[in-house]
Every structure is written in structure tokens, then in C-alpha cells.
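S.K.: A single structure is presented below for examination.
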Amino acid sequence: MGACVARQLAAGGADVRVLLRKSSSTKGVDRIDVERAVGDPFDPATAAAAMADRDVVYYCIVDTRAELKDPAPLFATNVEGLRKVLDVAAAANLKRFVFLSTIGTIAVGENGETVDEDTPFNWADRAGGYIESRRAAEQLVLSYATERGLPAVVVNVSNPYGPPDFQPRQGMFVQLAALGKLPFYVKGVGAEVVGIDDAADAMLRASLRGRVGERYIASERFMTHRELLTTAADAVGARRPRFGVPMAVVYGFAWLADAVGSILPVQVPMSRQSAFLLAHTSPASHAKATRELGWHPKPTENFIARAAENYVQRAGAEGAKTSQA
């Protein structure tokens, strides 16, 4: 998300500064005209230098590892690290502080009902460490808006898809389907989706038209898991996933992964909590973003297709390099 926001800003002629850690991959910003600052974003001096003479800060730092056995790293990054940045931002005379949040902090509709920003959150008892940390982060940002005068706006982005996605996490299923390596889909589940460029556009619009202290859902529509993978496979002529796996099987695999993780010093990229998050979703409305930000997302199918094509092209290029070696 951060790289896509930077690309859109630079394309529009903005004076863009990006703050990167020494360990950060720079693939997302290598070919765009931005100033680079390098350092620890949670160091107050570094954060202050990065915000110096800026009008808007787009905060896109997040640890998304819902599968972690110990949620402490999630809170260290998503809440305590954020708090240090907010202290600096509150004194930086900004016009807007645009915070990248998640649709996971939005309620889930009963029986598939559509929810929005004002629907009371209704699954705190089942949310787990990742969502708890993201809710705490969002509440922290909003508290700085009301108590410290920070001109903060929150954008609740759903599952984004689209190229280039150099480090696919959310896009892993799309990547596997495009490469013909995923013979199954999960039956009876789906999620809200959005094109990555449209999500970034919502962030930019929030900096101009978003009301301080408000949340805006940036999500195009609800899509089933089967539809997601079929769209990716069809875009590149790959074989569609052939059979549906019940969610009970996914929970069984997640239980096994948790058991292995409790015995061996390994972190398996699946857990009962991450499996729950896969299944526990519902449709959400982006009407507020359309009404107040003028945001009109395009069909996410187009972004999924482009992502699939990009994954296949990169796989071919990497294969050619291996053959030459």
C-alpha cells in the first residue's frame, strides 16, 4: 500500500519523501521520483526529520501476521511504535495524517448483512491478537485527533489486489492460482476486495476531503473465494481450481499447524485464528467514501487479472534467469 500511495503521489507531481528502514525492500519505489529517508520510523528524531516541511503523512506501517503464536510483536509495531510516531505528528503542523487501517476493525454482519463504519463492532471476543492490535491502533489515532488536535483520517482498506505485489501475502492465493498450483478453493467463504490502485486513491482522497476523526471503508465489493481464484486462473489461461474444500478441513489443517508450532520452534503461516479470519467476513458498504471522498472504485476483477498476469510474467523471467545460470 505504501509503495502504491507513493507512486500515485509522484505521478501527480507531488513532492514525496518516503521513510524506509535499512532492511526495507525498495522494489516498490525504485522507479519513481521520490526522496528517500532511511532510519527507524519509531525513533522520534528520525520521524520528525521525515515529517519536516511535509503537509501530509500517509502512515502505512503494519505487522499483519495474524498467525503469530505470541501477539507481542503485533502490539509492539501496530500500537506502541505507532504511538511514538503520533507524538511526533501531533507537533508537526500537518494538514492531514492519513492512517492505513483494515476492514478487520469493522463489524461483521449477522447472516450476511451489509455493514458500514457506524455498525457497532460485534466480535471482540473472537478477534484475536492481530485484530485487537489493529483496533487499538485505530482507537489510538482517533484519540490523538480528539485530544491532541492531530488532523487524522482513517481509511479501512479491505483485501487489496493488483500488480506489482513483490512480496505477496494477501495475494498468495491469486499467485498460486495463476501459476496453476492451487487445485482447490475454500467453499462457503469470501471477503471484501479492492484494487490496490483504488485503495491508494482512497488514501489520497482522504488527505484532501476526509473529515478529521472519521473512518472510511475502501472496499469495492464482496467476492467468494472461488470467484477470486477462478478470475485469476482465467486471466492467464491456467486451470481453474477443481474442487471445493470445506472450511472444516481448513480448520483441521490450522489445528495441526498450531500443534506443530507448540512443539517445534517454527512459525507456520496458518493458525486457527488466521483460519477464523478467513471465514468470518461479510459485505461492507463504501457509500460513505463515495459520498464524502468522491471515491468510485473500479471492478476488482480487473486488478486480480492484472496481478495474475504479473505473477506469471515474473515467474517466467525468474525461470529464464535460473536456466541461464
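S.K.: Which one of the conditions (1) surrounded by fewer than 19 Cβ atoms within 10 Å (Cβ to Cβ); (2) touching a residue at least 24 places away in the same chain (Cβ under 8 Å); (3) among the charged types (D, E, K, R) does Asp40 fail to meet, given that it meets all the rest?
M.R.: Only one criterion is unmet by Asp40, namely (2).
S.K.: Being more than 30 Å from Ala259 (Cα to Cα), touching a Lys or Arg at 6+ places or on another chain (Cβ under 6 Å) and assigned to a strand (DSSP E or B), is that true of even one residue in segment 25-34?
M.R.: The answer is no, given that none of the residues of segment 25-34 is more than 30 Å from Ala259 (Cα to Cα), touching a Lys or Arg at 6+ places or on another chain (Cβ under 6 Å) and assigned to a strand (DSSP E or B).
Every residue, every condition in (1) touching a strand residue (DSSP E or B) at 6+ places or on another chain (Cβ under 8 Å); (2) β-branched (Val, Ile, Thr), yes or no:
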| position | (1), (2) |
| --- | --- |
| Ala89 | yes, no |
| Val98 | yes, yes |
| Val115 | yes, yes |
| Trp123 | no, no |
| Arg134 | yes, no |
| Pro163 | no, no |
| Val174 | yes, yes |
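S.K.: Let me ask something additional. Any residue in segment 10-29 that is touching a residue at least 40 places away in the same chain (Cβ under 8 Å) sitting within a Cβ distance under 8 Å of a residue that is assigned to a loop (DSSP other than H, G, I, E, B) and of a type outside the set (D, E, K, R)? List the pairs, counting only those 6 or more apart or interchain.
M.R.: Close Cβ pairs (under 8 Å, with a partner that is assigned to a loop (DSSP other than H, G, I, E, B) and of a type outside the set (D, E, K, R)) amount to Ser25/Phe166; Ser25/Gln167; Lys27/Pro164; Lys27/Phe166; Gly28/Pro164; Gly28/Phe166.
S.K.: Give just the number: which of (1) surrounded by fewer than 18 Cβ atoms within 10 Å (Cβ to Cβ); (2) of a type in the set (Gly, Ala, Ser); (3) in a loop (DSSP other than H, G, I, E, B); (4) under 21 Å from the mean Cα position of the chain (by Cα) does Ala76 not satisfy?
M.R.: (3)
S.K.: Here's a follow-up. Restricting the search to segment 271-309, which residues are touching a residue at least 40 places away in the same chain (Cβ under 8 Å) and closer than 12 Å to Lys69 by Cβ?
M.R.: Ser271, Gln273, Ser274, listed by residue number.
S.K.: Could you tell me which residue of segment 110-151 is farthest from Arg272 (Cα to Cα), considering only residues that are of a type in the set (Lys, Arg) and modelled with pLDDT of 95 or more?
M.R.: Once the filter is applied, the top-ranked residue is Arg148.
S.K.: If we keep just the residues of segment 165-204 that are in a helix (DSSP H, G or I) and of a type outside the set (A, V, I, L, M, F, W, C), which is surrounded by the fewest Cβ atoms within 10 Å (Cβ to Cβ)?
M.R.: Asp197
S.K.: Continuing with this model, one more query. Name every residue in segment 221-264 that is buried (at least 17 other Cβ atoms within 10 Å of the Cβ), in a loop (DSSP other than H, G, I, E, B) and of a type in the set (Gly, Ala, Ser), in order of residue number.
M.R.: Of everything in segment 221-264, just one residue is buried (at least 17 other Cβ atoms within 10 Å of the Cβ), in a loop (DSSP other than H, G, I, E, B) and of a type in the set (Gly, Ala, Ser), namely Ala238.
S.K.: Exactly one condition in (1) loosely packed, with under 14 Cβ neighbours inside 10 Å; (2) closer than 30 Å to Trp255 by Cβ is not met by Arg31; state its number.
M.R.: (2)
The values are calculated or read from the model by the stated rules, or taken from the named source; none is laboratory data. If you're wondering where the values come from, they're calculated on a predicted model, not measured in any experiment. Neighbour counts run over all protein chains shown; Cβ positions are idealised from the backbone, glycine included.
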